[in-house]
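K.L.:
This is the structure, below, for whatever I ask next.
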Amino acid sequence: MLDMTVEATGCASSRQVGSTDGDTLHEECGVFGVWAPGRDVARITYFGLKALQHRGQESAGIAVGDGGTVMVRKDLGLIDQVFSEADLSTLTGQLAVGHVRYGTAGAKSWEAAQPHLSTINDVIIALAHNGTLVNTDELRRQLIELGVPFLSNSDSEVAAKLIGYFTQRTHHLREGIRKTMELVRGGYAMTLINEEALYAFRDPYGIRPLVLGRLGGEASGEAGASEEPPAWIVASETCALDIVGATYVRDIRPGEILRISAEGLVSEQGVPAAKESAECIFEQVYFARPDSFMGGKSVYACRYDMGCQLAREVPVEADMVIGVPDSGLPPAEGYAAVSGIPFGEGLIKNRYVARTFIQPTQELRAMGVRMKLNPLRDNIAGKRLVVIDDSIVRGTTMVQLVRMLRQAGAAEVHVRINSPEVVWPCFYGIDTDVQTQLISANKTVEEIRAFIGADSLAFLSVEGLLACVPAIGVRAGEGAGAPARGYCTACFTGVYPVAIPESFGRDKFMDGYDPCNLTESPVLPRDIVQEKDRDHSWEASHPGA
Ligand code: SF4
């Protein structure tokens, strides 16, 4: 369980920093898309979003295309709070996109909820975005100068408006997407529809996840059985394919634009893929559901292996291993398996303290972690515990957790974290707040141990973590056995795969920290005004096509 505000952006203003909405569990956004003529696309999207609800609980939305127009319904709240049976019945069409969002405190508005609708003259698109764009301030300014209106300060809306703007000029939506991909920087996985086609595209590093699945379309082989035409799904995680009965086909590739329509699937490289991909390794540590597969390995298995590795790297004598639900449970099982210390249940999670609009009173909020977790006193009294959690970010939740376990009778509390220390802020979809609030940027491990009141504390190494996730994007010529590559580890190492504009990131770093890839340039290859003067015709960008 992350122990501080880890906010999704790409759904919120990219400039908001230091927001703290309590010391609660925050995740990122989830996106979903379906192309399925003849089927109930709104309901398929609804169930897909249900599987992705863990990625965002603040707002939800579905946009449907029916061949003639695009309709959207979105609002603040969980999916069940936003959509009634009647809502789903009125959203009829052949294709849809959906979004679940967690945003910053200042952006809890209907306008910031997604999908974003962009209507510039006759171009109507609906966009769902997971990630953060780091250079949208300047792009927004230029679009406003060009007369494009904005409803929110969200970076996602800038992307939607850019796509609409260039589509209008080029008369090709795919070209509008491609030109937008050339201009924006950051981490993004996006799904988009117009009236008749579904698009899915991903940043050149593949930082945020996006998968393709197929629904039906295979003959059953039984006499008389009718062959259903295939339908296509795109989603942040494979668990969303499972819930609607779709089969995983492949990941959307870094820099790829996939178009799905009555003409079938068309793939093109929107922008060149980076030399080495940089998928967010925190998906495996915490964000993704354990039943999702990433890089061919289940997230559960990755977390289990992290626990095994942790036991090898930082063993300790104890009587029982417990995990902090939910993401700490698989690594706790792994730690127990390698150490030989029995695994046990030590903490029970109240699953119904999700984000609601009935805020707890100040007195209840002060109870903090007790709102979510309660110790199993019978199991832990008198025992030396190894407590496994996914990360320590600010540290305040862990203080309460250790105190709670001691009050419940634990003889010793040894904290083991199945990820390295979070020292650097994230700019690609997770707002881990300013660096001053990251405890590992401010204290040594021993000082953190003393702060949280544990008997011992240790973290998994970066190398150890990389050894537990599948190798992706391994360079040509390096086969099996080569170290796992292709992951962003910036929040542990300060090595940022996508350059961060100084104006965007500098105020998030503490003095003395020198991140790799902070740039003074605006990270903009050319501006929109220059783009305006270029030949935007389809033929110009597809010579010989
Ligand atoms: S900085 Fe950390 S949380 Fe952000 S994309 Fe990279 S690995 Fe993921």
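The values are calculated or read from the model by the stated rules, or taken from the named source; none is laboratory data. Because the structure is a prediction, the values reported are computed rather than measured. We place every Cβ from the backbone using ideal geometry, glycine too, and count neighbours over all the protein chains shown. These area figures cover heavy atoms from the full protein model, side chains too; ligands, DNA and RNA do not enter into them. Shrake-Rupley method; radii C 1.70, N 1.55, O 1.52, S 1.80 Å.
K.L.:
Of the residues that make up region 270-282, is at least one open to solvent by less than 10 Å² (accessible area, probe 1.4 Å) and within 16 Å of the ligand (Cβ to nearest atom)?
P.N.:
yes
K.L.:
Kindly indicate whether any position in region 383-393 is open to solvent by 10 Å² or more (accessible area, probe 1.4 Å), on the phi < 0 side of the Ramachandran plot, touching a Ser or Thr at 6+ places or on another chain (Cβ under 7 Å) and more than 16 Å from the ligand (Cβ to nearest atom).
P.N.:
no
K.L.:
Could you grab me the full set of residues in region 253-269 that are among the polar types (S, T, N, Q) and either within 14 Å of the ligand (Cβ to nearest atom) or under 20 Å from Cys488 (Cβ atoms) (or both)?
P.N.:
none
K.L.:
Which of the numbered conditions does Gly67 fail, given that it passes all the others? Conditions: (1) within 20 Å of Ala288 (Cβ to Cβ); (2) surrounded by fewer than 24 Cβ atoms within 10 Å (Cβ to Cβ).
P.N.:
Looking at each condition in turn, Gly67 falls short on (1).
K.L.:
Could you go through region 220-237 and let me know if any residue there is part of a strand (DSSP E or B) and of a type in the set (Phe, Trp, Tyr).
P.N.:
Looking for residues that are part of a strand (DSSP E or B) and of a type in the set (Phe, Trp, Tyr), one finds at least one in region 220-237, hence yes.
K.L.:
Any residue at all in region 93-100 that's open to solvent by 10 Å² or more (accessible area, probe 1.4 Å) and not in a helix (DSSP H, G or I)?
P.N.:
yes
K.L.:
Considering only region 488-497, state which residues are more than 9 Å from the ligand (Cβ to nearest atom) and open to solvent by less than 20 Å² (accessible area, probe 1.4 Å).
P.N.:
Gly494
Yes/no matrix, rows are residues, columns are (1) among the aliphatic types (A, V, I, L, M); (2) in the same structural domain as Val64 (by TED's automatic domain parsing); (3) within 19 Å of Thr132 (Cα to Cα):
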{"residue": "Leu146", "(1), (2), (3)": "yes, yes, no"}
{"residue": "Asn153", "(1), (2), (3)": "no, yes, yes"}
{"residue": "Thr167", "(1), (2), (3)": "no, yes, no"}
{"residue": "Arg178", "(1), (2), (3)": "no, yes, yes"}
{"residue": "Met181", "(1), (2), (3)": "yes, yes, yes"}
{"residue": "Asp203", "(1), (2), (3)": "no, yes, yes"}
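K.L.:
Of the numbered conditions (1) modelled with pLDDT under 95; (2) of a type outside the set (Ser, Thr, Tyr); (3) not in a helix (DSSP H, G or I), Arg365 fails exactly one; give the number of that condition.
P.N.:
(3)
K.L.:
When you look at Glu520, is it at pLDDT 75 or above and away from the ligand (no atom under 16 Å from the Cβ), yes or no?
P.N.:
No; evaluated as a whole, the condition is false for this residue.
K.L.:
Can I ask one more? Exactly one of these conditions fails for Leu49: (1) of a type in the set (A, V, I, L, M); (2) more than 20 Å from the chain's Cα centre (by Cα); (3) not in a strand (DSSP E or B). Give me its number.
P.N.:
That leaves (2) as the condition not met.
K.L.:
Output the helices (runs of 4 or more DSSP H) that fall wholly within region 418-469 and possess 1 or more residues being within 14 Å of the ligand (Cβ to nearest atom), or say none.
P.N.:
Helices (runs of 4 or more DSSP H) meeting the threshold: 439-442, 462-466.
K.L.:
Which residues, counting only those in region 294-346, are more than 21 Å from the chain's Cα centre (by Cα), in a strand (DSSP E or B) and either surrounded by fewer than 19 Cβ atoms within 10 Å (Cβ to Cβ) or not small (Gly, Ala, Ser) (or both)?
P.N.:
Once the filter is applied, which keeps residues that are more than 21 Å from the chain's Cα centre (by Cα), in a strand (DSSP E or B) and either surrounded by fewer than 19 Cβ atoms within 10 Å (Cβ to Cβ) or not small (Gly, Ala, Ser) (or both), region 294-346 yields Met320, Val321, Ile322, Phe343.
K.L.:
Cβ-Cβ under 9 Å, sequence separation 6+ or interchain: first residue in region 202-214 and closer than 11 Å to Glu279 by Cα and among the aromatic types (Phe, Trp, Tyr), partner open to solvent by 10 Å² or more (accessible area, probe 1.4 Å) and away from the ligand (no atom under 14 Å from the Cβ). Which pairs?
P.N.:
Tyr205/Ala273
K.L.:
May I pose another question? Would region 451-458 turn up any residue that is of a type outside the set (A, V, I, L, M), in contact (Cβ under 8 Å) with a residue 12 or more places away in the chain and open to solvent by less than 50 Å² (accessible area, probe 1.4 Å)?
P.N.:
Yes.
K.L.:
Tally up the residues in region 245-269 that are assigned to a loop (DSSP other than H, G, I, E, B) and out of contact with any Lys or Arg (no Cβ under 9 Å at 6 or more places or on another chain), please.
P.N.:
Qualifying residue count for the region: 3.
K.L.:
Please state which one of Gly429, Gly409 is on the phi > 0 side of the Ramachandran plot and open to solvent by less than 10 Å² (accessible area, probe 1.4 Å).
P.N.:
Going through Gly429, Gly409 in turn, just one is on the phi > 0 side of the Ramachandran plot and open to solvent by less than 10 Å² (accessible area, probe 1.4 Å): Gly429.
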